[in-house]
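Here the structure comes first, spelled out in structure tokens, and everything after it is commentary.
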Amino acid sequence: MSELFKAMAVENNNTETENGCPAYKSTLDSLLDLFASGASCRSDSKRLKSLVRKAYSEDKLFCIRIRILFYFRDIRGNGGQGERNVFREGMKELIDIDPKTICKVLRFIPFYGRWDDLIALYGIERSISNHIAEIIKFQINEDIQKLADTFTAFQEGTLEDVKGFCAVADLQEIEKQDFILTPGRYVGIEEVED
């Protein structure tokens, strides 16, 4: 950017807050603007798309803007914001710009968000939809195998309790729980490492 354009950007960057104090419209850094303002765009998809496009043009390595979107979506309790719609709209915009690169990060979406985040992106672009279908198919097959192995181990009497997944309870333990069969009473909650 030429010095003239930089000076114009700085000069046109002034605004006021709601109570009349001087403020800046932008940090003059597209990635920082996306990070600072992205979550406030949950009801303004036009502004979010503009921020994502500007960040895309500035972030040549792709890694920072995608990290920002995953930070917005992170629901694991690690300081993310849990912003489902901001994440989905931002990802849709990046799919529109660069679908090949997005294919590389699709498998991480359920880890930081939920499986329905993948479903929300299905149908936008053919190669993306194919990758999403493969990810879901792989997970379903893995889950079916895990359940089959668990059932076999139960039938053979070799099943060991796995916190958050399965437990074997005898009649005395069920009686202690007043015959309430809510799985969480027996299985517990899986401990997640940070």
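Values computed for the structure shown
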read-out	value
Qualifying residue in region 97-118 (condition: touching a Phe, Trp or Tyr at 6+ places or on another chain (Cβ under 9 Å), surrounded by 10 or more Cβ atoms within 10 Å (Cβ to Cβ), not in a helix (DSSP H, G or I) and not charged (D, E, K, R))	yes
Residue match in region 126-145 (condition: open to solvent by 80 Å² or more (accessible area, probe 1.4 Å), among the acidic types (Asp, Glu), in contact (Cβ under 8 Å) with a residue 24 or more places away in the chain and farther than 30 Å from Glu93 by Cα)	no
Subset tally (residues that are open to solvent by 30 Å² or more (accessible area, probe 1.4 Å) and either of a type in the set (Lys, Arg) or at pLDDT 85 or above (or both)) for region 66-80	4
Counted residues, region 15-61 - those being part of a loop (DSSP other than H, G, I, E, B) and open to solvent by less than 30 Å² (accessible area, probe 1.4 Å)	1
Inter-residue pairs, beta-carbon under 9 Å, first in contact (Cβ under 8 Å) with a residue 40 or more places away in the chain and assigned to a helix (DSSP H, G or I) and in region 64-76, second of a type in the set (Val, Ile, Thr) and open to solvent by 10 Å² or more (accessible area, probe 1.4 Å), 6+ apart	Phe70/Val105
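The values are calculated or read from the model by the stated rules, or taken from the named source; none is laboratory data. None of these values were measured; they are calculated from a predicted model. Neighbour counts are summed over all protein chains in view; Cβ atoms, including those assigned to glycine, are modelled from backbone coordinates with ideal geometry. Keep in mind that these areas ignore ligands, DNA and RNA; they rest on the heavy atoms of the full protein, side chains included. Shrake-Rupley method; radii C 1.70, N 1.55, O 1.52, S 1.80 Å.
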